[in-house]
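Visitor: Quick one: structure below, then a few questions.
The values are calculated or read from the model by the stated rules, or taken from the named source; none is laboratory data. Not measured: the values here are computed from a predicted model. Cβ placement follows ideal geometry from the backbone for every residue including glycine, while neighbour counts extend to all protein chains displayed.
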Amino acid sequence: MTVPRKLIIVFSFFYVAVFIYLFLFLTIPEIQNAIIEARRDIGQVTEGGNYIFALFISLFICFIGNASIGFPVPYPFVLFSFSNSIYLRFSSLGLLIDQILLSPSFWLELVGLVIAGGLGSVLGELMGFLVGIGAKKIAEKKSSPTFENVQGFGKFVLEHPKSTYFYIFLAAALPIPDDPLWIALGMSKRRIHIGKCVFWGWLGKNITTLFYISLPILIVLGLNATGIEIGDISSVITESVMLLITISIMFFILSFNWDKYLEKRREQKLNKQSNF
């Protein structure tokens, strides 16, 4: 698996930044106190009228993150921060995690972020669809192995028209890069109902954004389950570790050759059918 140098540089920067952040937090008391204080104040980020602003930011950053084909934009970190802001705000009222989870207001605010982030994500993927339309015009005039590979991926997805929207939903819901799928849809010679594509893509993206937004809650529940006392220092360390794990998952997803993997699976399926 050949990993693009650009991808390695970008993610190396993310890794180094997190480790420096942790090192400074653990070794310099002044920085530790400043981070803890800032963490306590973060609840104001989504308080009152700021919440509407947070929704627009979520939509915009998810749009940019999904429209940037082939270049990683760490939009999950923004979703995590907003969700963590909401949790800390409710926690500052003296509510325990069980009480917070039973609050309808808490879940309504999280669902708002999910819907905004999902909408921004699927609108960003539409850029891939437009790229596919442009690529199709070029491919009709000039032969290109790259365009042929994308068209081959499109044939794999679109060979069962009735399942197309399911594939769109699945690709959007799973943590895999679905840019090739949207580009393939744009290059397809079939008639594509873009409204239905956006709807099923939006439903799938809601699942992805729900995962990132649920991370702060999962961290707290995990700490409670292991009996670890939840404090400012332990929370910051745990969140940093989760951040490193998220970065690692994103790196794997973006560096893995999904086209080759899907093509290999397709060949194996055809070989099994031919043996019967």
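Visitor: Report whether or not Lys142 is surrounded by 11 or more Cβ atoms within 10 Å (Cβ to Cβ) and either more than 17 Å from Met127 (Cβ to Cβ) or modelled with pLDDT of 75 or more (or both).
Guide: no
Visitor: Quick check: is even one residue across the stretch 205-219 of a type in the set (D, E, K, R) and modelled with pLDDT under 80? Don't jump to the end; show me each part of the working.
Guide: In the first step, residues of the stretch 205-219 are kept if they are of a type in the set (D, E, K, R); the result is 205.
Now restrict to residues that are modelled with pLDDT under 80: none.
No, there is no match, as no residue in the stretch 205-219 is of a type in the set (D, E, K, R) and modelled with pLDDT under 80.
Visitor: Now for a different question. Can you say whether Trp202 is at pLDDT 75 or above, out of contact with any Pro (no Cβ under 6 Å at 6 or more places or on another chain) and crowded, with 16+ Cβ neighbours inside 10 Å, as far as the supplied structure shows? So that I can check it myself, show each step before the final result.
Guide: Values: at pLDDT 75 or above: yes; out of contact with any Pro (no Cβ under 6 Å at 6 or more places or on another chain): yes; crowded, with 16+ Cβ neighbours inside 10 Å: yes.
Against the criterion (at pLDDT 75 or above, out of contact with any Pro (no Cβ under 6 Å at 6 or more places or on another chain) and crowded, with 16+ Cβ neighbours inside 10 Å), Trp202 qualifies.
Visitor: Another question, then. Can you say whether Pro104 is loosely packed, with under 13 Cβ neighbours inside 10 Å and at pLDDT 85 or above, as far as the supplied structure shows? Quick ask: steps written out before the conclusion?
Guide: Numbers: loosely packed, with under 13 Cβ neighbours inside 10 Å: yes; at pLDDT 85 or above: yes.
Yes.
Visitor: Follow-up question, since we're still on this one. Would it be correct to say that Gly132 is at pLDDT 75 or above and at negative phi? Step through it out loud before you land on a result.
Guide: On the way: at pLDDT 75 or above: no; at negative phi: yes.
For Gly132, the condition - at pLDDT 75 or above and at negative phi - is not met.
Visitor: Let me ask something else about it. Test Tyr167 against the stated conditions and say whether it is among the hydroxyl-bearing types (Ser, Thr, Tyr), closer than 22 Å to Gly128 by Cβ and modelled with pLDDT of 70 or more. Before you say what the answer is, go through the steps one by one.
Guide: Details: among the hydroxyl-bearing types (Ser, Thr, Tyr): yes; closer than 22 Å to Gly128 by Cβ: yes; modelled with pLDDT of 70 or more: yes.
Yes, satisfied.
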